[in-house]
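Enquirer: Quick one: the structure is below, and I'll ask about it shortly.
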Amino acid sequence: MSESLNSPGYEIPDELQGTVAITTLDRIYNWGRRNSIWPMMFGLACCAIEMICTAASRYDLARFGMEVMRPSPRQTDLMIVSGTVTKKMVPQIVRLYNQMAEPRYVLAMGACASGGGPFKEGYNVVSGIDKYIPVDVYVPGCPPTPQALLHGLIKLQEKIDQQSLKEVPWYKKAPSEPIPVPVLGPDIMDPRDYEKIKQFTLQPVTPVQEEELSA
Amino acid sequence: MTEQTLTPTLNLEERFGDWVTPDTRKGYEGYLVAPEHLIDCAAALRDEFGYDYLASLTAVDYLPDGKMEVVYHVSQSTGGAPLVFKVQVPREDPVTVPSLVSVYPGAEFQEREAWDLMGIRFEGHPDLRRILMWEGFEGHPLRKDWKEAYYEEDTKPFKSRWPAGQVHRVEDTLPFGKNVKYPQGFDPEKWTPVEEEALYASLKRVPADEDLPTEQLIVNLGPQHPSTHGVFRMAVTLDGETIVDLKPVMGYLHRNHEKIGERNTYLMNIPFTDRLDYLSSLSNNFGYVLAVEKLMGIKPPERAEYIRVIMAELTRIQNHLFAIGMFLNDLGAFFTPSLYAIEERELILDTFEAVTGSRMMCNYMRFGGVARDFPPGQLERVRDLAFNRLPAIVDEFDAYLTNNEIVRARCEGVGVLTPEQAIAYSTCGPVLRASGVPYDLRRADPYSIYDRFDFDVAVRYHGDVYDRYLVRMDEIRQSIRILQQAVEQIPEGPVIEGKQQYQVRVPAGEAYGRVEGPKGELGFYVVSNGKPNPWRYHVRAPSFINLTALAEMCKGNKIADAVIILGSIDIVLGETDR
Ligand code: SF4
């Protein structure tokens, strides 16, 4: 760790080696963040069980400084979407996401969270959480093994390493816009889609569509 | 076997005259009851014949015949095969059937489910709201003429994928790029949402007091709450800290298991059953293959039977370990007991991984056997677990927890369910047995080869949270006993009848296969019409039905105890919501 932190480009005199470190602000800032990611205690489905196993002693998330799982979104940095996202649940997930303080990250764990998974065709299943909130890391598997989840978390650390204070959105002047919370109507509705929905439902049915519908 | 378990010896026609007619369709069993006599008939079955336990209630849509059918499986709480009776009604809106909640309170949630998914209106139901989908959802999805947004064909494998092999998916042609559809003429901006008033209105209120005005306090726990074991929600009315009424709200993990299951071929469903109760996938496999084997009329070879029992009991042990660990989490002993439990569970998962290829989603049992034999060395490993490691672990748990002062103070006398209530609410598994009802399907209606083993049915008599914990501990011990006998007795031989097939031939008919899963009676009701896909595929989910009694257990307790009462039921949301 100290190696990547301490890349001075300056000669540190021998007698000060190990006493003085020269680094960049970005590096030390990211170093702190990458080693203390607090995931949200938030389980959706089967994958959550593997997430719990990852946190337990055999795989031990604590090695990465990530064992502090918080049930409150206000205190967390990372949302591990661990399981099938259903339409009934997605409004809550978006609200939880909006409540997380920045910087915040989302890891889609497993086939379901990444793209719908085995239940994709179901009438209550969302084809991946990225239809609603931005995702940083996808971990494939059904369920991903704890090793796979750890790999995903290491990838997230690598992503954090790449970020720079100058560019990150959470130090911009204006606060970032919350994501509109989907609404449960006859089916799930994303407020951003209203125009599109109207175009489709309020137009008279064309003969071609009619044929398709009855086929 | 089939004859003996399926045909009840009692003669209902003698007692009920023309209220009932035997179901004579080929491959079907039981009786058809006239809707107008349903309640009387059920009450008589309960009071005169001892069928006091409603095991399962579900509906089938016989679209080609223009009929809807509600299927009831009732059992005697003293044991024995279930009795089936059905009600048929014409398939025109509104489809109405009398509600059986007055006879079997355990029907409450199951009828709500049938209303939600099949659109059957149960007359006289006290609180008929949707249960898995939300109020305002368009349509009743399990009806055969209801099509989801990603609908392609009625059954799999879809022609666009196989055998031609040109993959084009319906989702690519949908206008929103999402799994949604809206009725024609729907305007999202001129639409009034159906709020959750119905839910809150259904909650009982604190009785008004003239002298002391009390505030109504409604608290929602969940769906994102550390104690709800997933995405489960409870709406609670409080008087001070005391629970006046409670309604579970579920469906946050409703993954349309049954709809997908009816499109799948029989074999395709096995991996889906893994994901029901994802902590005990092998028990789920077991129940499903039993149901289909009943239809096919085949039996697995000896070695496979033993392997199934070994795997099912290992599953029970690891499930109970996990349940106890999580239960102590709920009690406030945060994570330390779970860490111990999970450590032991990992040992069993290693065996699962070595034998089945996966830690959790084992997809291991097949119709007529199991997918593959134990690899070399694994049986010895199981033997070591059964004789050395696991017994020591249970003792250790016992020493740390059972007489712990805080555990006892928090658990004893909390969430009491009397035996009568436990039976009436159709609870099952450890919840039922902790209330003093020694009903364990491995003894009550033995399946597979459980009649060969020497073990006791764990039972306790106080019906409180503490006894549910004790029953789980006892059950681990009994499972270890079964394991010890099974690893000693297991014979050599093939592990599957005939050769493995992608497509099995399942004759037309119906079957209800059930096993004693770690959570209780896990039943699969399968209707075949002779095609490669089931016509109806229903799961009788123990965690779902156990929740019917949750309100009863919680009333009068403190809100903090609702958390441990829920923990003591041990629900898994994948199964609750399916
Ligand atoms: S990816 Fe698989 S294991 Fe994970 S939630 Fe989905 S079905 Fe369950």
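The values are calculated or read from the model by the stated rules, or taken from the named source; none is laboratory data. Predicted model, so just to flag it, every value in this text is computed and none were measured. So basically every Cβ, Gly included, is an ideal-geometry build from the backbone, and we count neighbours across all protein chains shown. Only protein heavy atoms, including side chains, enter the accessible area calculation; ligands, DNA and RNA are left aside. Shrake-Rupley method; radii C 1.70, N 1.55, O 1.52, S 1.80 Å.
Enquirer: Based on what the data block shows, is B:Leu483 in a helix (DSSP H, G or I) and hydrophobic (A, V, I, L, M, F, W, C)?
Expert: Details: in a helix (DSSP H, G or I): yes; hydrophobic (A, V, I, L, M, F, W, C): yes.
Against the criterion (in a helix (DSSP H, G or I) and hydrophobic (A, V, I, L, M, F, W, C)), B:Leu483 qualifies.
Enquirer: Let me ask another. Considering (1) at the interface with chain B (Cβ under 10 Å from one of its Cβ atoms); (2) away from the ligand (no atom under 16 Å from the Cβ); (3) β-branched (Val, Ile, Thr); (4) open to solvent by 10 Å² or more (accessible area, probe 1.4 Å), say which one A:Val181 fails and leave the rest.
Expert: The one condition A:Val181 does not meet is (1).
Enquirer: Of the residues B:Ile310, B:Ile298, which single one is within 20 Å of B:Ile449 (Cβ to Cβ), more than 24 Å from the chain's Cα centre (by Cα) and more than 16 Å from the ligand (Cβ to nearest atom)? Can you show your working first?
Expert: Values: B:Ile310 fails: more than 24 Å from the chain's Cα centre (by Cα).
Residue meeting the stated conditions: B:Ile298.
Enquirer: Here's a follow-up. Is there a residue in the stretch A:17-34 that is in a strand (DSSP E or B), away from the ligand (no atom under 16 Å from the Cβ), free of Cβ contacts under 8 Å to residues at least 40 places away in the same chain and closer than 26 Å to A:Lys166 by Cα?
Expert: First, pick out the residues of the stretch A:17-34 that are in a strand (DSSP E or B): A:17, A:20.
Okay, now just the ones that are also away from the ligand (no atom under 16 Å from the Cβ), so A:17, A:20.
Add one more test, that the residue is free of Cβ contacts under 8 Å to residues at least 40 places away in the same chain, and what stays is A:17, A:20.
Checking which are closer than 26 Å to A:Lys166 by Cα leaves us with A:20.
Yes, because at least one residue in the stretch A:17-34 is in a strand (DSSP E or B), away from the ligand (no atom under 16 Å from the Cβ), free of Cβ contacts under 8 Å to residues at least 40 places away in the same chain and closer than 26 Å to A:Lys166 by Cα.
Enquirer: Name the single residue that is surrounded by the most Cβ atoms within 10 Å (Cβ to Cβ) among those in the stretch A:35-48 being away from the ligand (no atom under 11 Å from the Cβ) and in a loop (DSSP other than H, G, I, E, B). I'd like the intermediate steps shown before the answer.
Expert: As a first pass, look at the stretch A:35-48 and keep what is away from the ligand (no atom under 11 Å from the Cβ): A:35-42.
Filter again for in a loop (DSSP other than H, G, I, E, B), leaving A:35-38, A:41-42.
Details: A:Asn35: 14, A:Ser36: 12, A:Ile37: 21, A:Trp38: 15, A:Met41: 21, A:Phe42: 27.
Taking the candidates together, the pick is A:Phe42.
Enquirer: Can you give me the number of residues within the stretch A:49-68 that are within 9 Å of another protein chain (Cβ to nearest Cβ), open to solvent by less than 10 Å² (accessible area, probe 1.4 Å) and within 16 Å of the ligand (Cβ to nearest atom)?
Expert: Matching residues across the stretch A:49-68 total 2.
Enquirer: For the structure I just gave you, tell me whether B:Glu148 is more than 27 Å from B:Asp65 (Cα to Cα), touching a residue at least 12 places away in the same chain (Cβ under 8 Å) and within 14 Å of another protein chain (Cβ to nearest Cβ).
Expert: Values: more than 27 Å from B:Asp65 (Cα to Cα): no; touching a residue at least 12 places away in the same chain (Cβ under 8 Å): yes; within 14 Å of another protein chain (Cβ to nearest Cβ): yes.
The answer is no for B:Glu148.
Enquirer: Another question, if that's okay. Mind checking which residues of the stretch B:263-289 are over 13 Å from B:Gly513 (Cβ atoms), crowded, with 23+ Cβ neighbours inside 10 Å and touching a strand residue (DSSP E or B) at 6+ places or on another chain (Cβ under 8 Å)?
Expert: B:Leu276, B:Asp277, B:Ser280, B:Leu282, listed by residue number.
Enquirer: Please go through the stretch B:184-205 and pick out each residue that is hydrophobic (A, V, I, L, M, F, W, C) and under 17 Å from A:Lys88 (Cβ atoms).
Expert: In the first step, residues of the stretch B:184-205 are kept if they are hydrophobic (A, V, I, L, M, F, W, C); the result is B:186, B:191, B:194, B:198-199, B:201, B:203.
B:Val194, B:Ala198, B:Leu199, listed by residue number.
Enquirer: May I pose another question? Of the conditions (1) more than 17 Å from A:His151 (Cβ to Cβ); (2) within 16 Å of the ligand (Cβ to nearest atom); (3) out of contact with any Leu (no Cβ under 9 Å at 6 or more places or on another chain), A:Arg74 satisfies every one except a single condition; which number is it?
Expert: Of everything listed in (1) more than 17 Å from A:His151 (Cβ to Cβ); (2) within 16 Å of the ligand (Cβ to nearest atom); (3) out of contact with any Leu (no Cβ under 9 Å at 6 or more places or on another chain), A:Arg74 misses just condition (2).
Enquirer: Restricting to the stretch B:40-88, name every residue that is in a strand (DSSP E or B), open to solvent by 10 Å² or more (accessible area, probe 1.4 Å) and in contact with a helix residue (DSSP H, G or I) (Cβ under 9 Å, 6 or more places away or on another chain).
Expert: The initial filter retains those residues of the stretch B:40-88 that are in a strand (DSSP E or B), namely B:53-62, B:67-75, B:83-88.
Checking the rest, the ones that are also open to solvent by 10 Å² or more (accessible area, probe 1.4 Å) come to B:62, B:67, B:88.
Passing the criteria: only B:Gln88.
A quick yes/no check of all residues on (1) at pLDDT below 90; (2) within 14 Å of another protein chain (Cβ to nearest Cβ); (3) farther than 23 Å from B:Met365 by Cα; (4) open to solvent by 10 Å² or more (accessible area, probe 1.4 Å):
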position: B:Ala291; (1), (2), (3), (4): no, no, no, no
position: B:Ile307; (1), (2), (3), (4): no, no, no, no
position: B:Leu314; (1), (2), (3), (4): no, no, no, no
position: B:Ile317; (1), (2), (3), (4): no, no, no, no
position: B:Ala333; (1), (2), (3), (4): yes, no, yes, yes
position: B:Pro337; (1), (2), (3), (4): yes, yes, yes, yes
position: B:Arg345; (1), (2), (3), (4): no, yes, no, no
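Enquirer: Restricted to the stretch B:524-578, and to residues that are away from the ligand (no atom under 16 Å from the Cβ) and at positive phi, which residue is least open to solvent (accessible area, probe 1.4 Å)?
Expert: Here the answer is B:Asp570.
Enquirer: Residues that are among the charged types (D, E, K, R): list the helices (runs of 4 or more DSSP H) wholly contained in the stretch A:67-172 that include at least 1 such residues.
Expert: Values: elements: A:90-99, A:110-115, A:146-162.
Because the criterion is at least 1 residues that are among the charged types (D, E, K, R), the helices (runs of 4 or more DSSP H) in the stretch A:67-172 that meet it are A:90-99, A:146-162.
Enquirer: Which condition number in (1) touching an Asp or Glu at 6+ places or on another chain (Cβ under 9 Å); (2) modelled with pLDDT of 90 or more is the one that B:Gly493 fails?
Expert: So B:Gly493 meets the others, but not (2).
Enquirer: Look at the stretch A:120-140 and say how many of its residues are within 13 Å of the ligand (Cβ to nearest atom) and surrounded by fewer than 18 Cβ atoms within 10 Å (Cβ to Cβ).
Expert: 1
Enquirer: How many of the residues in the stretch B:355-385 are more than 16 Å from the ligand (Cβ to nearest atom) and either within 14 Å of another protein chain (Cβ to nearest Cβ) or of a type in the set (Asp, Glu) (or both)?
Expert: Adding up the residues that qualify gives 3.
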